[in-house]
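Following: one structure in structure tokens, then a few remarks.
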Amino acid sequence: MNVRQLSIPLSGHGTAVLTLPQPVAPETLGMLEHALCTGLRQLQREMRGAASDPGQIEYASWQTQQPVTARH
């Protein structure tokens, strides 16, 4: 299987690496983008703790429901 690795420098905090099988369909990239955004938002919420403002919680819940759009 062919793979492609994307290395993303984290400004003084090492590097994040994403490994993708090749070839990757555009629809798969869209689903991956959505999953990564959702996962990173969840991680941010966990790091902030449970003391979030109710308005921020509501706003964040709407952000996770935004449709994925293809970018060319």
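The values are calculated or read from the model by the stated rules, or taken from the named source; none is laboratory data. Here the structure is a predicted model, which means the values were calculated and not measured. Positions of Cβ are generated from backbone atoms using ideal geometry, with glycine treated the same way; all protein chains shown enter the neighbour counts.
Residues in the range 9-22 that are surrounded by fewer than 10 Cβ atoms within 10 Å (Cβ to Cβ) and out of contact with any Lys or Arg (no Cβ under 9 Å at 6 or more places or on another chain): Pro9, Leu10, Ser11, Gly12, His13, Gly14, Thr15, Val17.
Every residue, every condition in (1) modelled with pLDDT under 75; (2) more than 21 Å from Pro21 (Cα to Cα), yes or no:
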{"site": "Leu36", "(1), (2)": "no, no"}
{"site": "Arg41", "(1), (2)": "no, yes"}
{"site": "Glu46", "(1), (2)": "no, yes"}
{"site": "Gly49", "(1), (2)": "yes, yes"}
{"site": "Ile57", "(1), (2)": "yes, yes"}
{"site": "Gln63", "(1), (2)": "yes, yes"}
{"site": "Thr69", "(1), (2)": "yes, yes"}
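Looking at this structure, is Gln5 modelled with pLDDT under 90, surrounded by fewer than 10 Cβ atoms within 10 Å (Cβ to Cβ) and of a type in the set (S, T, N, Q)? Walk me through it before giving the result.
On the way: modelled with pLDDT under 90: no; surrounded by fewer than 10 Cβ atoms within 10 Å (Cβ to Cβ): yes; of a type in the set (S, T, N, Q): yes.
Against the criterion (modelled with pLDDT under 90, surrounded by fewer than 10 Cβ atoms within 10 Å (Cβ to Cβ) and of a type in the set (S, T, N, Q)), Gln5 does not qualify.
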